[in-house]
Amino acid sequence: MLKWYKQILTFTVAMALAVAAQAFPDRPVRLVVGFAPGGSDTFARLIGQKLSELWGQPVVVDNRPGAAGNIAADMVAKAAPDGHTLLVLVNSYTINATAYRNLPWDLMRDFAPIGRYAASTMVVVVNDKMPVKSFAEFVAYAKANRGKINFGSAGTGTAPHLAGELFALRSGIEMTHIPYKGSAPSVTALIADEVQVSFGAMSAFDGMVKQGRLRPLAVTTAARFPQLPDVPTVSESGIPGFDVDIWHGFVAPAKTPPSIVKKLSDDLARVMADPNLQAKIRERGMEPAYLDGQKMGALMQQDVLRWREIINRLKLSLD
């Protein structure tokens, strides 16, 4: 009798979860972004619009900048685990997992990966006031002006920040890091010559590069970026083995029902297959790069380990 009861209970729970997934979403879905408008939220808005059309429910992008995205992450970790509040996870959170020692949330414990949707190399960019035309010229200029170069990023502890620190370490130059609350403010500072060089996704710099106000010198991945075929990699420009990137995805609170997590992942895959959406993502400097939740989770763990090694080598602590 007990065995029969357990079977009925299991079936009932499974049916209830299936029904919940079919009904999801039954109200607006919020995509929480831990950075200022004009950066990673650009892609969340494009994808959110497509998801809204698919679901027949509003999808709202909610920018909550501060503490390198940790405020937003804490908010989502503590949100109701029903799939209606998601975090736009930039892989800089895999840096935070080590660089911040006292976080109130744990990246691998408190979130359920939904899927990765875009990836990009980072670009080393200077403003038009810098008297350099190539990456090698910039390194020579920085060595001749030791301690006088400021580099900007989207925030302390972000992937662009660590890319800049790693670049300075590997090239033997001195640069002062100036963090901003998001990509857009860091671009404004670069144009204004508050900083002389910045690291970040091409999507952040694309408009100003096309206008000739910013100059890309190198890309940070092992291979050249398809949208910048004439721009060399850092590795081929004199720092062998240099390979860092930026990627974006969605995560939900950890206790979100698996059926809803799967629906979110499947629906993300569905909208990411849209050629028009893919074109819009490429126009803004990133590559469509869908991975399901399981593969994204493995990527998260891989990046945590990779960045941990670099952070420990730099003896970096952000608390």
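List the number of the failed condition for Gly157; all other conditions in (1) crowded, with 20+ Cβ neighbours inside 10 Å; (2) at pLDDT 90 or above; (3) outside any helix (DSSP H, G or I) hold.
(2)
Taking the stretch 245-282 only, how many residues are closer than 27 Å to Ser235 by Cα and touching a helix residue (DSSP H, G or I) at 6+ places or on another chain (Cβ under 8 Å)?
Total meeting the criteria: 6.
If I filter the stretch 139-154 down to residues being part of a strand (DSSP E or B) and hydrophobic (A, V, I, L, M, F, W, C), which single residue comes out as nearest to Leu314 (Cα to Cα)?
Result: Phe151.
Taking the options Val126, Val139, name whichever one is outside the structural domain of Leu305 (by TED's automatic domain parsing), within 23 Å of the chain's Cα centre (by Cα) and over 23 Å from His248 (Cβ atoms).
Being outside the structural domain of Leu305 (by TED's automatic domain parsing), within 23 Å of the chain's Cα centre (by Cα) and over 23 Å from His248 (Cβ atoms) holds for just one of Val126, Val139, which is Val126.
If the requirement is being in contact (Cβ under 8 Å) with a residue 24 or more places away in the chain and small (Gly, Ala, Ser), which of these qualifies: Ala144, Ala189, Ala168?
Testing whether each residue is in contact (Cβ under 8 Å) with a residue 24 or more places away in the chain and small (Gly, Ala, Ser) leaves just Ala189.
Would you confirm whether or not the stretch 298-309 contains a residue that is at pLDDT 95 or above, surrounded by 14 or more Cβ atoms within 10 Å (Cβ to Cβ) and in contact with a strand residue (DSSP E or B) (Cβ under 8 Å, 6 or more places away or on another chain)?
Yes: the stretch 298-309 contains one or more residues that are at pLDDT 95 or above, surrounded by 14 or more Cβ atoms within 10 Å (Cβ to Cβ) and in contact with a strand residue (DSSP E or B) (Cβ under 8 Å, 6 or more places away or on another chain).
Is it true that some residue in the stretch 219-237 is assigned to a strand (DSSP E or B) and either at pLDDT 90 or above or under 30 Å from Trp55 (Cα atoms) (or both)?
Start the filter on the stretch 219-237 by keeping residues that are assigned to a strand (DSSP E or B), which leaves 219, 233.
Going one step further and asking which of them are either at pLDDT 90 or above or under 30 Å from Trp55 (Cα atoms) (or both), we end up with 219, 233.
Among the residues of the stretch 219-237, at least one is assigned to a strand (DSSP E or B) and either at pLDDT 90 or above or under 30 Å from Trp55 (Cα atoms) (or both), which makes the answer yes.
If we only count helices (runs of 4 or more DSSP H) wholly inside the stretch 250-319, which ones have 1 or more residues that are without any contact (Cβ under 8 Å) to a residue 24 or more places away in the chain and of a type in the set (A, V, I, L, M)?
Qualifying helices (runs of 4 or more DSSP H): 275-283, 293-314.
The values are calculated or read from the model by the stated rules, or taken from the named source; none is laboratory data. The model shown is predicted, which means the values in this text are computed figures rather than measured ones. When we count neighbours, we look across all protein chains shown, and the Cβ atoms used for this are built from the backbone with ideal geometry, even at glycine.
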